[in-house]
Amino acid sequence: MSPPVFRFAPSPNGYLHLGHAYSALLNSDRARETAGRLLLRIEDIDATRCRPEYEAAIDEDLAWLGIAWETPVRRQSEHLDAYRAALDRLSALGLVYPAFESRAEIARLVTAREADGPWPRDPDGAPLYPGDARSLSADERDRLIDTGAPYALRLDMAAACRRAAGLSWTELGEGPDGERGVVPARPEAWGDVILARKETPTSYHLSVVVDDALQDISEIVRGQDLFHATSVHRLLQDLLRLPEPDYRHHGLLRDEAGRKLSKSTNSTGLRELRAAGATPAGIRQLVGLG
């Protein structure tokens with residue numbers, strides 16, 4: 001029987017903070033407890049925000065914490081063809097369409113829709129896609145693309161859900177409301193999510209399920225802020241015929257105001273804490289693993 005495989009997958013768009021340390025340590029601990037493997041994946045598809053110095057700092061901070069991972073490290077920017085192939089498979093099923101509205105146009109559409117009452121929001125609080133690009137003819141789509149107009153490739157959620165009904169996942173941790181065990185997936189709550197853009201052939205949702213499958217990840221240990229996104233991931237796994245991992249969502253570290261930690265919070269940055277004299281053992285105690 002193959003050993004379990006875990007992954008820590010940060011984005012190099014800033015320096016790691018205590019919340020990252022907590023998640024990385026949990027993955028490392030689980031790998032050690034189960035005689036499993038720990039992989040490091042660099043999720044760097046956002047070329048405008050990701051920087052080499054941040055990736056170097058990730059390596060440095062994790063090594064300082066005493067975390068060891070297998071090499072080579074997978075960088076998403078080096079595997080765009082894999083995501084493009086997955087997108088092509090979904091397109092062949094008739095589940096992908098281009099939408100041409102800008103963010104400002106979408107905001108105006110939502111405002112107009114809300115004249116008749118509240119417009120639905122996804123679990124993160126963002127409004128569901130309010131446009132009608134799904135109904136454009138093939139000729140009109142081609143005409144707009146030929147003009148060079150920017151666009152996002154969206155998943156036709158209603159059609160996708162008809163192909164993959166009754167999905168669930170095994171929750172080994174706990175959701176924000178105490179969800180455990182077999183959790184029903186509700187991807188429809190996210191509306192027509194973006195799978196790629198004109199300039200980038202993937203998105204977080206698409207790349208993460210492709211990577212997890214290609215890397216044989218068997219247990220995904222991550223924060224509760226991604227608990228509801230698991231519904232989208234299970235849908236894509238089913239549509240693409242990818243294996244289903246187990247999930248172990250953990251609680252989030254928060255600041256004094258109750259907000260989850262962010263990379264802009266220097267007071268919780270690992271580099272700042274290390275410069276102030278913190279030790280790896282001390283970090284474990286700060287995140288509740290001491």
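The values are calculated or read from the model by the stated rules, or taken from the named source; none is laboratory data. As the structure is a prediction and not an experimental result, all values here were calculated from the model. Note that we place each Cβ from the backbone using ideal geometry, even for glycine, and neighbour counts take in every protein chain shown. Heavy atoms of the whole protein, side chains included, go into the accessibility calculation; ligands, DNA and RNA do not. Shrake-Rupley method; radii C 1.70, N 1.55, O 1.52, S 1.80 Å.
Excluding Arg30 itself, calculate the net charge of residues whose Cβ lies under 12 Å from the Cβ of Arg30, where each Lys or Arg counts +1 and each Asp or Glu counts -1.
Around Arg30, the surrounding residues sum to +1.
So what's the gap between the Cα centers of the range 274-290 and the range 5-22, to the nearest angstrom?
First find each Cα centre; the distance between them is then 16 Å.
Ignoring ligands, DNA and RNA, what percent of the 1.4 Å accessible area of the range 1-156 is carbon and sulfur?
C and S fraction of accessible area: 51 percent.
Can you find, among Leu240, Leu252, Ile194, the residue farthest towards the positive end of the dipole of the range 186-259? Put +1 on the C-beta of Lys and Arg, -1 on that of Asp and Glu.
Ile194
To the nearest 20 debye, what charge dipole does the range 163-236 have about its Cα centre, counting +1 at the Cβ of each Lys and Arg and -1 at the Cβ of each Asp and Glu?
Rounded to the nearest 20 debye, it is 280 debye.
For the chain, with the dipole built from +1 on Lys and Arg beta-carbon atoms and -1 on Asp and Glu ones, taken about the Cα centre, which of Val110, Thr71, Leu214 lies farthest toward the positive end?
So the residue furthest toward the plus end is Thr71.
Asp29 to Glu188: FRET efficiency via 1/(1 + (r/R0)^6), r the Cβ-Cβ distance, R0 25 Å, to the nearest 0.05?
Efficiency for this residue pair is about 0.10.
Match the structure shown to one of the listed values (1) 41, 21, 16; (2) 34, 21, 20; (3) 29, 22, 19 of semi-axes √(5λ) of the Cα gyration tensor in Å, computed from it, and give that label.
After the calculation, the listed value that fits is (2).
Charges at C-beta only: +1 for Lys and Arg, -1 for Asp and Glu. How large is the resulting dipole of the range 12-93 about its Cα centre, in Debye rounded to 20?
Working: 10 positive and 14 negative charges, 57 e Å.
Taking the Cα centre of the range 12-93 as origin, the dipole is about 280 debye.
Counting Lys and Arg as +1 and Asp and Glu as -1, what is the net charge of the other residues whose Cβ lies under 13 Å from the Cβ of Ala112?
-3
Along the positive direction of the dipole of the chain (beta-carbon charges: Lys, Arg +1; Asp, Glu -1; about the Cα centre), which of Ser28, Gly166, Tyr97 reaches farthest?
Result: Ser28, furthest along the dipole toward the positive end.
Suppose all protein chains stay in the model; what accessible area per residue would a 1.4 Å probe give for the chain, in Å²?
50
Roughly speaking, to the nearest percent, how much of the range 177-278's 1.4 Å accessible area is carbon and sulfur?
On the range 177-278, the fraction of accessible area on carbon and sulfur atoms equals 48 percent.
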